[in-house]
Amino acid sequence: MVVSAPITPGQVSFLLGIIPIFIAWIYAEFLEYKKSSHPSKVHSDINLVELGKETIKEDDRAVLLDGSLTRSASAKFHSSTIKLNLIRFLTMEDSFLLENRATLRAMSELGAILVYIYICDRTNLLGESRKNYNRDLFIFLYVLLIIVSATTSLKKHGDVSAFSGKSVLYLNRHQTEEWKGWMQVLFLIYHYFAATEIYNAIRIFIAAYVWLTGFGNFSYYYIRKDFSVARFTQMMWRLNFFVAFCCIVLNNDYMLYYICPMHTLFTLMVYGALGIFNKYNERSSVMAVKILACFLVVILIWEIPGVFNIFWRPLAFLLGYTDPAKPDLPRLHEWHFRSGLDRYIWIIGMIYAYYHPNVEKWMERLEECETKKRVSIKASIVAVSLFVGYLWYECIYKLDKVTYNKYHPYTSWIPITVYICLRNFTQQFRSFSMSLFAWLGKITLETYISQFHIWLRSSVPNGQPKWLLSFIPEYPLLNFMLTTAIYVLVSHRLFELTNTLKTVFIPTKDNRRLFCNFVAGAAIS
């Protein structure tokens with residue numbers, strides 16, 4: 001086996017961390033097997049372990065309920081608990097391993113997937129092949145997937161509006177997940193087949209993802225009013241947990257996976273916009289000022305020459321990127337280009353989310369109108385949407401790549417709005433969704449990141465995936481089928497593992513424990 005790059009300190013640290021975890025998991029499985037094989041023999045031992053656990057819980061509860069416990073004492077208590085657990089892990093204490101067997105299994109599985117990713121992308125054990133675009137095959141595969149999805153997974157949903165309690169379902173969760181799913185499929189096969197002729201469409205899809213970030217986060221914070229540290233940390237974990245390990249194991253820059261820093265930034269900005277003076281969010285004047293402030297911040301940073309570099313230069317270590325194929329470009333060039341393309345659309349998503357209840361109420365009244373009036377209004381909406389979409393297509397979409405990118409930040413909201421209008425113009429139409437695409441929509445982050453390494457190949461740190469991973473040389477379609485099946489399976493497991501470990505390490509109602517976990521993780525890393 002030939003490794004394409006020298007071993008890095010990060011990779012050594014990863015191996016030093018994952019090997020004892022893997023050994024501990026294997027031993028925990030052995031203990032579980034031994035316990036299940038001889039239940040009568042270990043029954044008393046189990047009772048003793050459970051009794052010890054109950055005693056620990058009672059002691060913990062007594063300490064926490066003690067009115068004389070200061071904040072510093074509470075922090076020390078959590079810190080001592082973490083130290084104790086580390087000691088129990090390092091000494092391979094049987095009861096500790098049995099208690100945490102599921103967590104050890106999840107961490108070991110994540111480690112195994114990362115090793116597989118490294119083997120696929122950084123060694124010569126597996127082959128590679130060239131990308132080859134065929135428009136006929138491209139369209140055929142996508143249409144075939146739509147047909148299969150429509151015939152096998154089309155479902156009608158009876159969900160009701162969170163605002164009115166009626167079955168309006170305007171931009172419901174099933175619909176937005178489906179939206180992400182069918183866009184993601186096109187985004188992925190665009191990369192796989194190098195379908196450069198739909199570049200402008202891909203830009204719209206990425207803008208739609210950012211729009212959904214603004215829309216979804218605003219809706220959550222505005223309705224739930226949950227600005228807790230735990231909720232925020234969970235969002236950051238979801239966006240950056242897996243990509244952080246990819247950067248360490250593969251020695252890549254964070255910006256190679258530009259979707260992650262983009263969504264992290266815009267999630268932070270939505271959180272900040274609604275979190276500051278959040279008790280006044282119900283006032284329309286305050287919300288107008290907040291949205292205006294968001295526009296002004298974007299204009300200041302992205303529109304005024306020189307400000308972008310001054311503002312982001314302190315974070316160049318994190319957001320900088322050097323493409324081996326274009327080493328002369330400035331380190332912040334990629335971040336400026338990617339974030340600049342969609343700098344406004346997240347705010348448009350916020351605005352749509354703010355007016356979402358008003359639109360739902362209007363749609364309720366529309367559905368209650370007499371048939372003739374209802375049909376005429378809906379027909380007018382469809383006609384105007386199609387006309388505006390056609391004008392955008394002829395005047396903007398058909399532009400060449402470079403020229404289109406100049407107009408994109410100011411026009412991407414047009415096709416998104418057209419799609420929303422057409423997708424929701426009847427109650428019947430918006431109540432259906434294809435659950436296959438919705439399922440794919442839930443794992444878009446994992447499919448986006450892992451495509452670089454277990455579906456495509458770059459072979460070098462920070463390299464763009466110019467090649468296809470090849471299991472079956474000379475049989476491109478069979479290879480496509482096999483690598484895609486493995487790729488989707490691994491992506492789904494990564495989604496589940498990310499959520500499993502999130503519940504373990506991110507407590508929802510204990511900020512002190514969360515802080516201690518963060519400090520312990522930082523110290524160990």
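The values are calculated or read from the model by the stated rules, or taken from the named source; none is laboratory data. Worth saying up front: this structure is predicted, and the values here are computed from it rather than measured. Heads up, the Cβs are rebuilt from the backbone with ideal geometry, glycines too, and the neighbour counts pull from every protein chain shown. In case anyone asks, the SASA skips ligands and DNA or RNA and just uses the protein heavy atoms, side chains included. Shrake-Rupley method; radii C 1.70, N 1.55, O 1.52, S 1.80 Å.
Quick one: which of 351, 347 is open to solvent by 30 Å² or more (accessible area, probe 1.4 Å), in contact with a helix residue (DSSP H, G or I) (Cβ under 9 Å, 6 or more places away or on another chain) and either in contact (Cβ under 8 Å) with a residue 24 or more places away in the chain or at negative phi (or both)? Steps first, please.
Numbers: 347 fails: open to solvent by 30 Å² or more (accessible area, probe 1.4 Å).
Answer to the selection: 351.
Return the residue satisfying two criteria in turn: it lies in the stretch 357-376 and is assigned to a helix (DSSP H, G or I) and more than 17 Å from residue 430 (Cα to Cα), and of such residues it is least open to solvent (accessible area, probe 1.4 Å).
Restricting to residues being assigned to a helix (DSSP H, G or I) and more than 17 Å from residue 430 (Cα to Cα), the top hit is 376.
Within the stretch 186-222, which residues are farther than 19 Å from residue 258 by Cβ and among the aromatic types (Phe, Trp, Tyr)?
Hits for the stretch 186-222 are 193, 215, 218, 220, 221, 222.
Do we find a residue being in a loop (DSSP other than H, G, I, E, B), loosely packed, with under 13 Cβ neighbours inside 10 Å, touching a residue at least 60 places away in the same chain (Cβ under 8 Å) and of a type in the set (A, V, I, L, M, F, W, C) anywhere in the stretch 392-406?
Checked against the condition, which is being in a loop (DSSP other than H, G, I, E, B), loosely packed, with under 13 Cβ neighbours inside 10 Å, touching a residue at least 60 places away in the same chain (Cβ under 8 Å) and of a type in the set (A, V, I, L, M, F, W, C), the stretch 392-406 yields no hits at all.
Would you please list the contacts, defined by Cβ atoms under 8 Å and residues six or more apart or on different chains, that run from a residue in the stretch 5-23 that is farther than 21 Å from residue 102 by Cα to a residue that is of a type in the set (A, V, I, L, M, F, W, C) and part of a loop (DSSP other than H, G, I, E, B)?
Qualifying pairs under 8 Å: 5/460.
Is it fair to say residue 503 is free of Cβ contacts under 8 Å to residues at least 40 places away in the same chain and among the hydroxyl-bearing types (Ser, Thr, Tyr)? Steps first, answer last, please.
Numbers: free of Cβ contacts under 8 Å to residues at least 40 places away in the same chain: yes; among the hydroxyl-bearing types (Ser, Thr, Tyr): yes.
Criteria met by residue 503.
Every residue, every condition in (1) under 20 Å from residue 341 (Cβ atoms); (2) in contact (Cβ under 8 Å) with a residue 12 or more places away in the chain, yes or no:
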residue: 390; (1), (2): no, no
residue: 414; (1), (2): yes, yes
residue: 418; (1), (2): yes, yes
residue: 430; (1), (2): no, yes
residue: 434; (1), (2): no, yes
residue: 453; (1), (2): no, yes
residue: 469; (1), (2): no, yes
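Considering only the stretch 215-245, how many residues are in contact (Cβ under 8 Å) with a residue 40 or more places away in the chain and closer than 16 Å to residue 444 by Cβ?
8
Condition first: of a type in the set (Phe, Trp, Tyr) and farther than 19 Å from residue 462 by Cα. Now tell me which residues in the stretch 217-248 satisfy that.
Of everything in the stretch 217-248, those that are of a type in the set (Phe, Trp, Tyr) and farther than 19 Å from residue 462 by Cα turn out to be 218, 220, 221, 222, 227, 232, 237.
As an exercise: evaluate residue 202 against (1) in a helix (DSSP H, G or I); (2) open to solvent by less than 20 Å² (accessible area, probe 1.4 Å); (3) closer than 23 Å to residue 312 by Cα and give the number of the one condition it does not meet.
(3)
With the requirement that a residue be out of contact with any Ser or Thr (no Cβ under 9 Å at 6 or more places or on another chain), at negative phi and either in contact (Cβ under 8 Å) with a residue 60 or more places away in the chain or open to solvent by less than 20 Å² (accessible area, probe 1.4 Å) (or both), what does the stretch 187-199 give you?
Answer for the stretch 187-199, where residues must be out of contact with any Ser or Thr (no Cβ under 9 Å at 6 or more places or on another chain), at negative phi and either in contact (Cβ under 8 Å) with a residue 60 or more places away in the chain or open to solvent by less than 20 Å² (accessible area, probe 1.4 Å) (or both): 189, 191, 193, 195, 196, 197, 199.
Pairs, please: C-beta under 8 Å, at least 6 apart or cross-chain, first residue more than 23 Å from residue 419 (Cβ to Cβ) and without any contact (Cβ under 8 Å) to a residue 12 or more places away in the chain and in the stretch 365-387, second in a helix (DSSP H, G or I) and not small (Gly, Ala, Ser)?
369/377
Check 268, 319, 332 and return the single one that is open to solvent by 40 Å² or more (accessible area, probe 1.4 Å) and not charged (D, E, K, R).
So the residue among 268, 319, 332 that is open to solvent by 40 Å² or more (accessible area, probe 1.4 Å) and not charged (D, E, K, R) is 268.
Any idea how many residues of the stretch 421-469 are in a loop (DSSP other than H, G, I, E, B) and surrounded by 21 or more Cβ atoms within 10 Å (Cβ to Cβ)?
Going through the stretch 421-469 one residue at a time, the tally reaches 3.
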